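J.: One structure, pasted below without further comment.
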Amino acid sequence: MLNIEIIPCLNDNYSYLLCDQDTNTVAIIDPSDFNPCDKIINKKYKKLDYILNTHHHFDHVGGNKKLKEKYKSKVLGCELDKDRIPDIDITLKEKQNFKIGNASFEVIFIPGHTKGHIAFYFKDEKIVFTGDTLFSLGCGKVFEGTHEQMFNSLNKLKNLPIDTKIYCGHEYTKKNLEFCLEYESNNEFLIEKSNWINSKIESNSPTVPISIGEEKKTNIFLRCNEPSIKNALNLDNASEQEIFSKLRDLKDSF
Ligand code: ZN
Ligand code: FE
């Protein structure tokens, strides 16, 4: 069984501490910052076998160096980022499988936010770590790739089984909710979810994980083929991908 602990880091980042309990193998996803991560590792396990990075941005790899020094961990990341993920030991490519003890994940290559962005998909556990590509009710900014790449990457995630749980890199849900409502104010699922999100945020609790199924009903970036959304944008005849690009641009200045 895979145990998962959410570690809030920096302003709004989430790092995730994983432990395969059968083998006592411990891994961390995107350690933003040494101190909060070390505090929990030290308290719970006193070891860290692997550091997994979804992409090279500082707020996802900031704790790599010191954690590796202290726990002699192995650092994993995309082969395209072998020169920019600090202290990387093992490079990963699309569809590659890797084991954290008895729990195995598949690498899903999802460029767009950065050129070497990957997700970690634990198929048996029905869990995916999506970094800065798919957020609750949103998606990451397109920094290094193209809108087309980001659209295709989101589609890969959208096609996972609907009961897959998503653990993303940031707590952006409240702001994302406002954006979704702006262009889909009549979405019942979204309206229903607003109360839940607001109560989570008020009590300072994470709004993750969410499921692929929920996101397909509420996340506007996964709903670019909806006629009502096309209409709200005055782009009734646009393609799904054109709608995505338009929404991504609008979100950048929202
Ligand atoms: Zn990032
Ligand atoms: Fe980030």
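J.: Would you mind pulling out the separation of the Cα centroids of the range 121-138 and the range 1-78, in Å?
T.: First find each Cα centre; the distance between them is then 16 Å.
J.: Just to be sure I understand: with springs between alpha-carbon atoms less than 10 Å apart, which residue in Tyr121, Tyr183, Tyr14 has the highest mean-square fluctuation in the Gaussian network model of the chain?
T.: Of Tyr121, Tyr183, Tyr14, the most mobile in the Gaussian network model is Tyr183.
J.: My understanding is that a pair violates if its Cα-Cα distance is over 31 Å; which of Lys193/Lys251; Lys74/Lys165; Lys43/Lys115; Lys72/Lys216; Lys141/Lys230; Lys43/Lys93 do that in this structure?
T.: Where the Cα-Cα span goes over 31 Å, the pairs concerned are Lys43/Lys115; Lys72/Lys216; Lys43/Lys93.
J.: Less than 10 Å Cβ to Cβ from Ser211, Lys/Arg counted +1 and Asp/Glu -1: what total charge do the surrounding residues give?
T.: Result for the local shell: +1.
J.: What number, in nm² with one decimal, is the all-direction average of the projected area of the convex hull of the alpha-carbon atoms of the chain?
T.: Reported value for the Cα convex hull: 12.7 nm².
J.: So for the pair Thr23, Asn198, with labels modelled 7 Å out along Cα→Cβ, what separation do we get in nm?
T.: Going by the 7 Å Cα→Cβ label model, 4.7 nm.
J.: Can I ask one more? Share of the range 89-218's accessible area from carbon and sulfur, percent, 1.4 Å?
T.: That fraction is 47 percent.
J.: What is the spin-label model distance, in nm, from Met1 to Leu235 if the labels are put 7 Å beyond Cα along the C-beta direction?
T.: Output for this residue pair reads 4.6 nm.
J.: Around Ile162, with a cut-off of 11 angstrom between Cβ atoms, what is the net charge of the other residues, counting Lys and Arg +1 and Asp and Glu -1?
T.: That sum, taken over residues with Cβ under 11 Å, equals +2.
J.: Out of Ala238, Met150, His55, whose Cα points farthest toward the positive end of the dipole of the chain (charges: +1 Lys, Arg; -1 Asp, Glu; placed on Cβ)?
T.: Projecting each Cα onto the dipole axis, the largest value belongs to His55.
J.: Within the set of other residues whose C-beta is less than 12 Å from the C-beta of Glu242, count the net charge using Lys and Arg as +1 and Asp and Glu as -1.
T.: Every neighbour counted, the sum reads -1.
J.: Could you check which residue among Pro161, Pro31, Pro86 shows the biggest mean-square fluctuation in a GNM of the chain with a 10 Å Cα cutoff?
T.: Pro161
J.: Would you work out the relative contact order for the chain, in percent, from Cα pairs under 8 angstrom that are 6 or more residues apart?
T.: 13 percent
J.: Given springs between every Cα pair under 10 Å in a Gaussian network model of the chain, which of Ser185, Ser203, Ser15 has the largest fluctuation?
T.: Sorting by GNM fluctuation, first place goes to Ser203.
J.: To continue, here is another question. Could you work out how far helix 34-44 tilts from the main Cα principal axis of the chain, as a 0 to 90 degree angle to the nearest 10?
T.: Result, in degrees: 60.
The values are calculated or read from the model by the stated rules, or taken from the named source; none is laboratory data. Everything numeric in this text was worked out from a predicted model, so none of it was measured. Heads up, the Cβs are rebuilt from the backbone with ideal geometry, glycines too, and the neighbour counts pull from every protein chain shown. Quick note on the areas: whole protein, heavy atoms, side chains included, nothing else; ligands and nucleic acids left out. Shrake-Rupley method; radii C 1.70, N 1.55, O 1.52, S 1.80 Å.
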